[in-house]
Amino acid sequence: MKTVRIDSSGITKRYEFKVYGGHIVRAAYIKRPEKHIICLSTQIGCANGCLFCSTGTIPLIQNLTADEMREMARQIQVTERILYEPLLISFMGSGEPLDNLKNVIHVIKHFPTFARFAVSVSGTGVNRVHRLPGYVKVQFTLISPFEERRKMMQPNVDPLDSLERTAMAYSWLKEFNVPLIADFNDDYESMEAIAKFSNSSGGIPVKLNRFHPIGQLRPSTQAEQCLKALKEHGIEAEYYETDGEDIFAACGQFDC
């Protein structure tokens, strides 16, 4: 079973699939001028409890199998008629990909059509990143460059020095992802520390991401100033906005 909802921009579609146990799992399809993106969930619920992610409030129920993830992607490809189009498969929906790594790797290695792959890493169990195939782009979440603040948002997160070592050692495409949250990480002090952390990790690019409201947390209005601060420190940086907020299909909004 699948249902589809389209956001007001017409760019993002939210797909819902029923999987083993009768659970509903979400995926998203994003049509960009230069590529098509399919965003897949890897788990139902999540054990990491990140407060800036809708899934973080839902206890882990089960991992998705490789067949379930592959079939969701296939159905979206068929529905959107993109079987032979440039495609990015992004494991950035519900769940922590590293906690279902065996199945994620199986999907990547046995995907039936040509695609590029990207994996989001919350910061828990980061030392498992080296097990990914060497052609996968990794997006390391850096909600704050300060340990105490990170623990406020991510109670189970690995220490910053572990993230630094892992990110530096990963040899393929990588970036730090910073969801900008109002009055939490959108000040000059945070940007200065992020720039220092990026440089100490080997000059990894930084993606500032528009945060989508969750609970009492709200998106920053300081994106331009934050981007400017990073670039003043010589960091390769960009600000990125995802579509689909009105259908709960944007970054961090999957709640299944």
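Stretching I61 away from E16 to a fully extended chain increases their span by 14.5 nm, per 0.36 nm per residue minus the current alpha-carbon distance. Only lysines eight or more places from K196 in sequence, or on another chain, were considered; those with a Cα closer than 30 Å are K137, K151, K174, K207, K228, K231. Over the C-alpha trace of the stretch 2-247, radius of gyration and Dmax come out as 17.5, 51 angstrom. Cross-link candidates for K18: which aspartates and glutamates have Cα within less than 20 Å, leaving aside residues fewer than 8 places away along the same chain? Partners found: D67, E68, E71, E80, E96, D255.
The stretch between K31 and N156 holds 41.6 nm of extra length on full extension. This uses 0.36 nm per residue minus the Cα-Cα distance. Between the helical axis of 160-169 and the longest alpha-carbon principal axis of the chain there is an angle of about 70 degrees.
Estimated at 0.36 nm per residue, the fully extended path between A182 and H23 surpasses their Cα-Cα distance by 53.9 nm. Counting neighbouring Cβ atoms within 10 Å and putting the fewest first, the residues R210, R149 line up as R149, R210.
Starting from the 7 Å offset along Cα-to-Cβ, what nm value, one decimal, do you get for the label separation of S200 and Y84? Result: 5.1 nm between the two label points.
Computed from the C-beta positions of R165 and Y240 and an R0 of 25 Å, the FRET efficiency is 0.45 to the nearest 0.05. Seen against the Cα atoms of the chain and their longest principal axis, helix 223-232 is set at about 60 degrees.
With axes computed from alpha carbons, what is the tilt in degrees of helix 188-200 against the longest principal axis of the chain, rounded to the nearest 10 within 0 to 90? Computed tilt is about 80 degrees. Note on the stretch 47-147: Cα-only Rg and Dmax are 14.3, 45 Å. If you wrap the stretch 32-74 in the convex hull of its Cα atoms and look at it from every side, the mean projected area works out to 4.1 nm².
A short reminder: the numbers here are calculations on the coordinates, not readings from a lab. Keep in mind it's a predicted model, so treat the numbers as computed, not measured. Don't worry about glycine lacking a Cβ; one is built from the backbone with ideal geometry, like all the others, and counts go over all protein chains shown.
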